[in-house]
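Right, one structure below, let's go through it.
The values are calculated or read from the model by the stated rules, or taken from the named source; none is laboratory data. The shown structure was predicted, so the numbers you read here are calculated from the model rather than taken from an experiment. Glycine gets a Cβ as well: all are built from the backbone with ideal geometry, and neighbour counts include every protein chain shown. When the accessible area is computed, the model is the full protein with side chains, heavy atoms only, and any ligands, DNA or RNA have been set aside. Shrake-Rupley method; radii C 1.70, N 1.55, O 1.52, S 1.80 Å.
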Amino acid sequence: MSTHTRQIHLVSRPDGLPSDNDFRTVDVELPDPGPGEILVRNTVLSVDPYMRGRMNDVRSYVPPFALDAPLEGGAVGVVVASGDPSVSAGDAVLHMAGWREHAVLPARAARKVDVELAPDSAYLGVLGMPGVTAYVGLTLIAGVKEGDTVFVSGAAGAVGSIAGQLARKLGATKVIGSAGSPEKVAWLTEELGYDAAFDYHDGPPAKLLRPHGPIDAYFDNVGGDHLEAAIFHMADFGRIAACGAIADYNATAPVPGPRNLAMVVSKRLSLRGFIVSDHPGAAADYLRVAGPWVASGEIRYRETVVDGLDRTVEAFRSLFSGDNIGKMLVRL
Ligand SMILES: NC(=O)c1ccc[n+]([C@@H]2O[C@H](COP(=O)([O-])OP(=O)(O)OC[C@H]3O[C@@H](n4cnc5c(N)ncnc54)[C@H](OP(=O)(O)O)[C@@H]3O)[C@@H](O)[C@H]2O)c1
C-alpha cells in the first residue's frame, strides 16, 4: 500500500533572493519501505541559510540540490513503518529528508531521538546542528578562553544565540552581539546575558562596535560589513571563526572582501573558516558539556515556528529578512 504525500522540489536556480517560482509543491505516491528502509511522517522541518548555497550549481563542500527533485534538509519525524530491525514504528528520528511531509529512506540515514527528553524541534536547533556549530566555532576554531571579549554577529539566530551564551560559559568576561532589530537586541542583553548588543541598522557596524573593543574572538555569522568591523576592532592576536556570511548569500555578483584585510597581518590575527560536519565527534562533546545547561535553563533558546509545508519556502526566505528569533522551523 503506497503513501500519498507532498514534497517541495527546486525547479530553477534562484537569481538573488529565491522566489516562489523557483519551487514547486509536488504530489507523489511513496512505495512501502523495503528491507533496511523506513517510512517517516515528518513532524518538524528545518530551514537553514546554508541551503541557499546548495540551490546554486556550484562546486562546494556539499553537492548542489538537483532540479525537479525534493529538497533536502534536517527534519524530525515519526516512523510509520519499518523494514529494519533497528527501528520500530512510533520511533522519533532525525534525518535529512526534509522539505516533505513523508519520506522513505534507509534506516541507517536516520538517528533515533528521545522526544521525552526534549521536544522534537530541539534536535534541529539547540541540541542539533546549530548548537554544535556554535560549540565547534568557539572551542575548536576561535579557542575562546577565560577572560576573552567575544563578539558574535547574527547573535539572535539559531547559531548566534547559543554561541553568545556558550562563550560566557567558556569563560568570556565580555560578550557582545549584533542583530537586526531592537527586540532581538533586548533579548540578547536582558535574557541571554550578553553584556552589550547593537542593532546593525543603527549605523555602520564598525562604528557601533567601537565602544566594545578590543575583541579577542569573533564568531562571524554574517561576513561583509560585520567582518570588516570586527577586523577593525580585534585585539592583537585575535581569533576569528568564520562560520557563515549570510550577508552575501543572495549576492548576484562577487562581493568585495573586507577592505582592511591588511590588518590581519598588522594585528597578527587568525581567521579560520569551518564546516560543522568536518567535526563528527563534536556533537557528543557538545551534548555532554551543554546538555545539562540546556536542561537547567542556564542556556536558553527560542524557536520561530510556521505551520504547514506550504509555508516552508516563506520560512526559508524569511531567514534573509531576519523574521526569525532563534531557530526557524516549520511544524507539520
Ligand atoms: N559553518 C557551518 O558549519 C555552519 C553551520 C550552521 C550555520 N552556519 C552559518 O551560520 C550563520 C547563522 O545560521 P543560522 O542557522 O543560525 O541562521 P539564523 O541566524 O537563525 O538566521 C539567519 C539570520 O541572519 C540574519 N541576517 C540575514 N541577512 C543578514 C544581513 N544581510 N546582514 C546581517 N544579518 C543578516 C537575520 O537576523 P538579523 O535580524 O539579525 O538580521 C537572520 O535571522 C549563517 O551564516 C549560516 O550559513 C554555518
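A few remarks follow.
- Partner lysines for residue 184 [C-alpha distance under 20 Å; skip if fewer than 8 residues away on the same chain]: 174, 207, 327
- Cβ-based charge dipole, the chain, positive-most Cα from 143, 286, 47: 143
- Annotation: extensible slack from residue 285 through residue 259 equals 5.7 nm (criterion: 0.36 nm per residue apart, minus Cα-Cα distance).
- Segment 10-137: C-alpha pair distances exceeding 20 Å, %: 49
- Result for the chain in a Gaussian network model with C-alpha springs under 10 Å: among 209, 94, 271, the largest mean-square fluctuation is at 271.
- Whole-number accessible area per residue in Å² for segment 147-225, which is evaluated in the context of all protein chains at 1.4 Å: 34
- 3J(HN,Hα) couplings calculated from phi for segment 78-85 with the Karplus curve 6.51 cos²θ - 1.76 cosθ + 1.60 (θ = phi - 60°) are, in sequence order, 10, 6, 8, 8, 10, x, 9, x Hz; Gly and Pro show x.
- For segment 1-114: accessible area per residue (Å², 1.4 Å): 47
- Separation of segment 145-208 and segment 275-313, taken as the distance between their Cα centroids, equals 18 angstrom.
- For the chain, the antiparallel share of DSSP beta bridges with both residues in that region comes to about 55%.
- Rolling a 1.4 angstrom probe over the chain with all protein chains present gives an accessible area of which 54% lies on carbon and sulfur atoms.
- Solvent-accessible surface of protein heavy atoms, probed at 1.4 angstrom with all chains present, puts 187, 293 in the order 293, 187, largest first.
- Heavy atoms of residue 279 accessible to a 1.4 Å probe, total area in Å² rounded to 10: 40
- Think of segment 1-122 as having a plus end and a minus end, set by charges on the Cβ of Lys, Arg, Asp and Glu; of 26, 113, 65, 65 sits farthest toward the positive end of this dipole.
- Descending principal axes extents, the chain, alpha-carbon based, whole Å: 66, 44, 33
- When the residues 218, 123 are ordered by accessible surface, computed with a 1.4 Å probe over the protein chains alone, the sequence from largest down reads 123, 218.
- Most tightly packed first, judged by the mean number of other beta-carbon atoms within 10 Å of their residues, the peptides 157-163, 188-194 read 157-163, 188-194.
- Given R0 = 25 Å, the distance between the Cβ atoms of residue 25 and residue 321 translates into a calculated FRET efficiency of 0.70.
- When only the Cβ of Lys, Arg, Asp and Glu is charged (+1, +1, -1, -1), the dipole of the chain relative to its Cα centre reaches about 880 debye.
- Across the protein chains, with a 1.4 Å probe defining accessible surface, the residues 287, 117 rank 117, 287 from largest area downward.
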